[in-house]
1. Using 1/(1 + (r/R0)^6) with R0 = 41 angstrom and r between the beta carbons of Ile334 and Lys102, what's the FRET efficiency to the nearest 0.05?
2. Provide the percentage of antiparallel DSSP beta bridges, counting only those with both residues in the chain; round to the nearest 5.
3. What does the charge add up to near Val88, with Lys and Arg as +1, Asp and Glu as -1, over the other residues with Cβ less than 12 Å from its Cβ?
4. Only counting other Cβ atoms within 10 Å, I'd like Asp100, Asp37 sorted with the fewest neighbours first.
5. By how many degrees, between 0 and 90 and to the nearest 10, does the Cα long axis of helix 222-248 differ from the longest principal axis of the chain?
6. Using only helices, what value at 222 nm comes out for the chain when you add -39,500 (n - 2.57) per DSSP H run of length 4 or more and divide by the total residues, to the nearest 500 deg cm²/dmol?
7. Holding the Cα-Cα limit at 25 Å, pick out from Lys110/Lys187; Lys136/Lys320; Lys30/Lys62 the pairs that are longer than that.
8. What full-extension length gain, to one decimal in nm, is calculated for Lys30 and Ile322 as 0.36 nm per residue of separation minus the Cα-Cα distance?
Amino acid sequence: MDNIFIVIPTLDPDEDIMLKFIEELKGEFKNILVINDGSKGIHDKFFNKLKKDGIKVLTHHKNLGKGRALKNSFNYLLNEYPNIEGCVTCDCDGQHSVKDIKKCAKALLKEPDNLILGVRNFELDYVPPKSKFGNKITRNIFKMFIGLDISDTQTGLRALSKKLMYTFMDLSGERYEYETNMLIECKNENINISEVEIETIYLNSNANSHFNPLKDSILIYKLFLKYFVSSFSSFILDIILFIAIFGILNINSKILAATILARVVSSIYNYIINSNLVFKNLSVSSLVKYYLLAIINMFISGCFVTYLYNLLGIPVLIIKIIVDSILWLINIIIQREFVFKDGKYEK
């Protein structure tokens, strides 16, 4: 594994934990790169000691974020070590064991075209509740909106080849959202993801983490928030138009007619929003498939609402909201796997 680098982004580290970690790493790996991402001056002696011990250290004079630290490390290694096979990224807070880092490095050598993820088991009793809940939410969101079934979406232990380092270096994201964007790019570029089960370690309930629950969560979920805003605003527009048109019309099939007229306007709005905020590289093919789906939905919604209204006699608005909510959930999967399959997610 002489041509694999261990990459460790670092901000104000617990020096005792990190020093012990690096000493263990040195027993197994020849090449270690630490990125000092704007740590306070009290840590200068520590980083100077690492340099004297033969550890390569890149320094950001201000905190630029984990994403920027990783991208700068990729750029440095690709420039300075052209024969590198790849790297393994890991955290400095004691969450990753040397044994597991070796497992990921070996997996990289076997599957150089894949992104290797070291995944934790969040079902263990000692996993902090916020970590367990956060992973479950993110995992389900990824599966629904992106179509990726990943056990641990936020793992910092990842192994990637020289080719993937080059691919991921251009991705957007300066903080923790960069790691999410790596996964989305795998979907966009048909890059396979391999999972390696690793030990689940939490020291002091992960107190050394620099993850900002509010700020970083917003950045990580940005794509999904955009998709939700697009879909939900289209849904609300459709309901408002339906109510207005339903109240104006005075014909026998006014539920179906109101559904069609409202859906024509809301679908145009939804496609424009999706094409500008959520997806990129959209095509005539996706437009045709989108409106084929819209037409099918339109008649399903109109027929079901009409049938249930005549059967149950409850307010048409309540039936409309229930039917269209169910269709919306189904449409997420159909749009992902059929309509926009050839497009790419905008990160």
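Bear in mind that the values in this text are calculations on the coordinates, not laboratory data. None of the values given here were measured: they were computed from a predicted structure. Heads up, the Cβs are rebuilt from the backbone with ideal geometry, glycines too, and the neighbour counts pull from every protein chain shown.
1. Working: r = 42 Å, r/R0 = 1.04.
Here the calculated transfer efficiency is 0.45.
2. Bridges in the chain are about 30 percent antiparallel.
3. In short, 0.
4. Asp100, Asp37
5. In the chain, helix 222-248 runs at an angle near 10 degrees to the longest axis.
6. Dividing the helical sum by the residues of the chain leaves -17000 deg cm²/dmol.
7. Values: Lys110/Lys187 21 Å; Lys136/Lys320 31 Å; Lys30/Lys62 28 Å.
Over 25 Å apart, Cα to Cα: Lys136/Lys320; Lys30/Lys62.
8. Working it through step by step, the gained length comes to 99.1 nm.
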